[in-house]
Every structure is written in C-alpha cells, then in structure tokens.
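Below is one structure, written out as structure tokens; comments come after it.
The values are calculated or read from the model by the stated rules, or taken from the named source; none is laboratory data. Note that the structure is predicted; figures quoted are calculated from it, not measured. Every residue, glycine among them, receives a Cβ derived from its backbone with ideal geometry; neighbour counts consider all protein chains shown. With ligands, DNA and RNA removed, areas are computed over all heavy atoms of the protein, side chains included. Shrake-Rupley method; radii C 1.70, N 1.55, O 1.52, S 1.80 Å.
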Amino acid sequence: MSIATFTDELKALSAICEPDTRQAYLSTSLAGSHAELAAIQLRPTVPVEIRRLFETAKNVSLYSWFVYPFHQVAEMTSFSALEYALRIRAKVPKDMKRPPGLSELLQQAKTKGWFSKDWAIRRSMGVERARERRSKEAMDLMHRTGAAEVEVADPTEEEIAQATASVDVVQILVDRTPRLRNNLAHGSTRLDSSSTWTLRFVGEAINQLFP
C-alpha cells in the first residue's frame, strides 16, 4: 500500500499497540528508536518547564512507531520547547503584549553569541551533505551517459571533512527552524520520519542556551 493512500483514522481499540505499517519502510525498530531518543538529554541547567515540554516531544516521537504522523507532532512540540527556552534566555516579560517570535529570538541568540560553533550534530550534517553531493554527481552522470543506473559509493572521510567544514549550524538553525515550524503550525501535508533528528538538533540548541 502506498503511503499516500493512508487517511489516518482513529486506530481501532484492538489495534492500539500494533505498529503503524509505514514503519516497514524504515530500517529501525521500536527498541532502536527508544535508544536514540533516550540518548537525547537536556542539561540539568535547563529550566524544568522546558525539560518537561521537550520530554513530551520525545515521548510523542517514540509513539510514532504506532502512529506515524506523530513524527511531525513531536517536531512541533520540540519547536515550542525551543521558543520557550529562547524567551526565558532573552528574559522576555510574560505579560509582554507582542513578544518576539521564534525567528527574531533565534536571530537575537545568534547576534549575542548564545550558540557556539561546536555542535555534535555538525558531522552528521556534513555526512548528509557529502552524500547529497555524491547522489547529484551520479544523477549528472546518468543524464550525460544515458545510463539506466549508476552505483553511488559512500563519501570518503576527506569528502565528509570538506562538507562538514562548510556547514554553518547556527545559520541553518536561524534560517530553517522558523520556516519548518511555521509550515507545520499553519497546516502542512509534510509527513516523514525526521522527528528523532529534529529532536537531536533542537535539544542541542536548547542545551547551548543554558550552559
């Protein structure tokens, strides 16, 4: 069955604990997902209300094993935790009539140097960028030669290092996060299994706000 054919009705009571069949498209397991999420930890210096909201995002992400669209619900919840963390770090008054939004808060954090250049997730971004470059080169080769298929080799360590050096994590956070959050907040057809990666990214950002 194509993913596009799912309408995601309320699950039958008898099927609540059955995995969403779309998990068959992923190379993971429930135990593997739990281990990845358990490894994402906020520092004790992060205010408890933010940690509580972020843990909710992790739980929702875990339960995407049973309800696939929970991936995007988990992402949305993590973005709420990030914005909450930024408001606290910026000391935005709770009774402020028009408080700054996520985009403005992220830009302020960048300007004031609240984020460092040392990110654990940076290498993962470099690996993905190197793989994308390899895939593009393969597609270009197929276009030039008319080949039906071309083997795409894994990038070398040198290619990964070069790609990683070009990654500006803070700028990616500032540019992409508000757009992704707004896309989900205002209605979106996006549906993918990206929540664990998003929680890693957002969790690291929150930790940097409360060193």
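Structure notes:
- Pairwise FRET efficiency - Asp8 versus Gln107, Cβ, R0 = 30 Å, nearest 0.05: 0.25
- With every protein chain in place, the chain: carbon and sulfur % of accessible area (1.4 Å): 55 percent
- Gain on full stretching of the segment that runs from Ser124 to Lys97 - 0.36 nm per residue minus C-alpha separation: 5.8 nm
- Accessible surface of Asp154 - all protein chains present, 1.4 Å probe, nearest 10 Å²: 120 Å²
- Relative packing of peptides 128-138, 20-30, 195-205 - highest average C-beta neighbours within 10 Å first: 195-205, 128-138, 20-30
- Most mobile listed residue (Thr77, Thr177, Thr111) in the chain, GNM with C-alpha springs under 10 Å: Thr111
- Accessible surface ranking for Ile206, Ile16, 1.4 angstrom probe, highest first: Ile16, Ile206.
- For segment 126-211, the alpha carbon convex hull comes to 156 Å³ per residue, rounded to a whole number.
- Spin-label pair Tyr25-Ile172: with each label point 7 Å from Cα along the Cα-Cβ axis, the two points sit 2.3 nm from one another.
- Short-range pairs are left out: with C-alpha atoms under 8 Å and at least six residues apart, the relative contact order of segment 1-143 is 17 percent.
- Fluctuation leader among Gly32, Gly101, Gly187 - the chain, Gaussian network, Cα springs under 10 angstrom: Gly187
- Kirkwood hydrodynamic radius of the chain, Cα pairs, Å: 19.3 Å
- Candidate lysines - alpha carbon under 27 Å from Lys97, same-chain residues fewer than 8 apart omitted: Lys110, Lys112
- In sequence order, calculated HN-Hα J values of segment 14-25 (Karplus, 6.51, -1.76, 1.60; Hz; x Gly/Pro): 6, 10, 4, 8, 8, x, 4, 4, 5, 5, 5, 7
- Length gained when the stretch Glu158-Ser194 is fully extended (0.36 nm per residue, less Cα-Cα span): 10.3 nm
- Length added when fully stretched, Ala38-Thr56, from 0.36 nm per residue minus Cα-Cα: 5.2 nm
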